[in-house]
Amino acid sequence: MTATRRPRGATPKGYKPKRRIFNLNFDDDTDFPGLQITIRGLSTGRLLGLMALAERFTGRDFTAQSNEDGEEDESASFSPEDIRAIKQLFDGFAEALISWNVLDEDNQPVPATLVGVESQDFEFNIPVILAWINTIAGVSEDLGKELTSGPPSRGVSIPMEPLTTSLSN
């Protein structure tokens, strides 16, 4: 990076950051072996908003219908606010979705659209959406590798001698 002075009244050149594209490949040891998704990243604001929504549902048992006493389990029911939050998660996912290899019951490709997302089982969508959010929110292993300003860090030498204890009195 270099710093230069701009003449008064001159318009700076613009910079347009590239949006990242992510390829999510679900391995054989996942619940969805062979699933492949190509999806866009999100703006920071949109990501933070979806992360807040997703946090409400992480670890929640969506299949529970009643507690041990046979009464309705309130943790399994959805409030109108929960339903709106889930809809926003699905909308955000579908908006970023570029392609996927999901097939319907007739082995026909499911479109990578909101209609296609909503045609899938809830128990499929939630973990896939959470995997996507976790992927784009993660820190890249290459982050900062190209930063070379400043001197290299010096390692601190720590003596590695065994500690001895004396039990004699």
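The values are calculated or read from the model by the stated rules, or taken from the named source; none is laboratory data. The shown structure was predicted, so the numbers you read here are calculated from the model rather than taken from an experiment. Backbone-built Cβ (ideal geometry, glycine too); neighbour counts: all protein chains shown.
For residue 102, indicate whether it is β-branched (Val, Ile, Thr), over 16 Å from residue 42 (Cα atoms), touching a Pro at 6+ places or on another chain (Cβ under 9 Å) and surrounded by 12 or more Cβ atoms within 10 Å (Cβ to Cβ).
Details: β-branched (Val, Ile, Thr): yes; over 16 Å from residue 42 (Cα atoms): yes; touching a Pro at 6+ places or on another chain (Cβ under 9 Å): yes; surrounded by 12 or more Cβ atoms within 10 Å (Cβ to Cβ): yes.
Here the answer is yes, as residue 102 does meet what is asked.
Would segment 48-55 turn up any residue that is of a type outside the set (A, V, I, L, M, F, W, C) and closer than 27 Å to residue 127 by Cα? Checked against the condition, which is being of a type outside the set (A, V, I, L, M, F, W, C) and closer than 27 Å to residue 127 by Cα, segment 48-55 yields at least one hit.
For segment 33-59, give me each residue that is touching a residue at least 60 places away in the same chain (Cβ under 8 Å) and either more than 16 Å from residue 134 (Cα to Cα) or in contact with a Leu (Cβ under 9 Å, 6 or more places away or on another chain) (or both).
Here is the first cut: in segment 33-59, the residues touching a residue at least 60 places away in the same chain (Cβ under 8 Å) are 34-39, 41-42, 47, 50-51, 54, 57-58.
34, 35, 36, 37, 38, 39, 41, 42, 50, 54, 57, 58, listed by residue number.
Every condition in (1) under 19 Å from residue 117 (Cβ atoms); (2) among the basic types (Lys, Arg); (3) modelled with pLDDT under 85 is met by residue 13 except one, and the failing one is (1). So the check is Cβ under 6 Å with 6+ separation or different chains; which pairs have a first residue in segment 101-126 that's in contact (Cβ under 8 Å) with a residue 60 or more places away in the chain and a second one that's assigned to a loop (DSSP other than H, G, I, E, B) and surrounded by 15 or more Cβ atoms within 10 Å (Cβ to Cβ)? Partner pairs satisfying both residue conditions: 102/110.
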